[in-house]
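Reviewing the structure listed below.
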Amino acid sequence: MGNLASSIVVALSLVACTSRPPGTGSGSGSDQPTGQCGVDPIALGTDTPTVMIGPDAFDTTGRQLCLELDTHGMVRAHLMADTTSQPGDTSSFVETLTQSDGTLILAGWDVGIGDTDTHSFQNLEWSPDAGQDQTYSVVLTVAAKADPAATTTLTIGFFDPLE
């Protein structure tokens, strides 16, 4: 089971590393509209509720991860995306979630844990409508807040929070 999980993490890391900024095309000569990635999306839903990407370096330009969120079979739906916890009062990262056309859904926020020896991580959570068996195409962008590039592991989950 450990080898399968490692293979999934490696495969998703390769997908994440090959995404392109908006408007740079998919490699086939076509131009991608703003807010879309040039790679196949990461599918999340009841069959694959959680993926981990990394550890990987992110610079201030950021990286776009296209997500297909499938609510089929869910009564409620919840997306979460977290970076690795690190020492300090603030995270080294920023996350945003947009619709596939580039319209902002929401931005992530820093979560600090502890009064002494504080650790923090970037957190993003969104609860789209569920129970209507629909699929949402969204783009998660992760970037370092400042140069040089910072390394983290992303944990992305999509699930029914009360199951």
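Looking only at residues in the stretch 104-121 that are of a type in the set (Val, Ile, Thr) and over 17 Å from GLY62 (Cβ atoms), the one that is surrounded by the fewest Cβ atoms within 10 Å (Cβ to Cβ) is THR116. The residue of the stretch 125-163 that is farthest from THR83 (Cα to Cα), among those that are of a type in the set (Asp, Glu) and modelled with pLDDT under 95, is ASP133. Scanning the stretch 67-95 for residues that are under 13 Å from the mean Cα position of the chain (by Cα) and β-branched (Val, Ile, Thr) gives THR83, THR84, VAL94. Within the stretch 71-90, if we keep just the residues that are β-branched (Val, Ile, Thr) and surrounded by fewer than 17 Cβ atoms within 10 Å (Cβ to Cβ), the residue that is nearest to LEU44 (Cα to Cα) turns out to be VAL75. With respect to (1) within 19 Å of GLY45 (Cα to Cα); (2) within 14 Å of the chain's Cα centre (by Cα); (3) buried (at least 16 other Cβ atoms within 10 Å of the Cβ), the lone exception for GLN99 is condition (3). Cβ separations smaller than 9 Å between residues 6+ apart or across chains give the following pairs from the stretch 137-163 residues that are in contact (Cβ under 8 Å) with a residue 12 or more places away in the chain and surrounded by fewer than 22 Cβ atoms within 10 Å (Cβ to Cβ) to residues that are of a type in the set (Lys, Arg) and in a strand (DSSP E or B): ALA143/ARG63.
The values are calculated or read from the model by the stated rules, or taken from the named source; none is laboratory data. Computed from a prediction, not measured in an experiment: that's the story for all the values here. Here Cβ is always computed from backbone atoms with ideal geometry, including for glycine, and neighbour counts include all displayed protein chains.
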